[in-house]
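Have a look at the structure below before the remarks.
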Amino acid sequence: MKTFETSTDAKGLRVAVVVGRFNQLICAKLLEGAADELTRRGASPDDVHVAWVPGAFEIPQAVRALAGSGRYDAVVALGAVIRGGTPHFDYVCRGVTDGVREAIRDTGVPVGFGVLTCDDVDQAFARAGGSDGNKGAEAALAAIEMVRLLARTSDAPEDAAAANERTGRR
Ligand code: INI
């Protein structure tokens with residue numbers, strides 16, 4: 001089997017983070033997780049640009065604009081949609097997931113998807129730096145990996161042994 005090498009090195013990457021203001025306490029924690037992940041993996045804080053939007057429904061439009069600007073290697077989308085007693089939840093969830101997917105398709109720019117869709121606030125806090133990790137950090141990591149993978153898809157995949165030899169990994 002041959003494998004395309006990827007990497008989780010964010011050095012030199014310019015990343016836009018789009019974050020919803022709705023459920024702001026939760027979203028701020030997602031942002032903290034994403035920013036920490038990007039900088040810990042080598043991105044310069046000056047190259048991480050944050051765009052706040054009113055709510056999850058507005059996320060795709062900002063993602064599309066930033067991804068299409070040609071100025072970013074990747075975008076990270078962060079938000080928190082929490083189920084209420086009406087079908088509104090389903091419409092907002094559908095809007096944000098379809099919209100972000102379309103932005104990826106139209107621009108080809110990797111977008112890490114860190115939009116929580118939760119039954120209640122406790123579940124959301126658990127996923128925003130609580131007992132279930134930080135989905136903002138996970139989305140940032142996914143975006144980095146996709147940038148690195150897409151940069152290598154025109155290369156031939158390598159034997160695992162050859163790849164390890166080249167990168168000095170065992
Ligand atoms: N936006 C969210 O990000 N999370 C929610 O839970 C939410 N709820 O529950 O309504 C929400 N609604 C606002 C929506 O995203 C838009 O900002 C609004 O409809 C204005 O276009």
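Throughout, read-outs are computed from the coordinates displayed, never taken from laboratory work. Being a predicted model, the structure only gives us computed values, none of them experimental. Ideal geometry is used to build each Cβ from the backbone, glycine not excepted, and the neighbour counts take in all protein chains shown.
In table form, for the structure just shown:
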{"item": "Three-way shape label, the chain, alpha-carbon gyration tensor, a/c 1.5", "result": "prolate"}
{"item": "Dimensionless Rg ratio for the stretch 35-76, taking C-alpha atoms and the 2.2 N^0.38 Å reference", "result": "1.24"}
{"item": "Anchor K29: aspartates and glutamates whose Cα lies under 17 Å away (excluding residues fewer than 8 positions away in-chain)", "result": "E37, D120, D122, D132, E138"}
{"item": "Derived scalar couplings ³J(HN,Hα) [the stretch 144-155; Karplus, 6.51 cos²θ - 1.76 cosθ + 1.60; whole Hz; x for Gly, Pro]", "result": "4, 4, 5, 4, 5, 5, 4, 5, 10, 6, 8, 7"}
{"item": "Protection proxy ranking, peptides 75-83, 131-139, average beta carbon neighbours within 10 Å, highest first", "result": "75-83, 131-139"}
{"item": "Highest to lowest packing among 44-54, 120-130, 17-27, scored as the average C-beta count within 10 Å", "result": "17-27, 120-130, 44-54"}
{"item": "Dimensionless Rg/Rh of the stretch 1-67 - Kirkwood Rh, Rg from C-alpha atoms", "result": "1.07"}
{"item": "28 Å Cα-Cα reach of K2 towards lysines, excluding residues that sit fewer than 8 places from it in its own chain", "result": "K11"}
{"item": "From the C-alpha gyration tensor of the stretch 37-110, square roots of 5λ in Å", "result": "25, 15, 10"}
{"item": "Sequence-separation-based contact order of the stretch 10-167, relative, with Cα cut under 8 Å and 6+ spacing, percent", "result": "28 percent"}
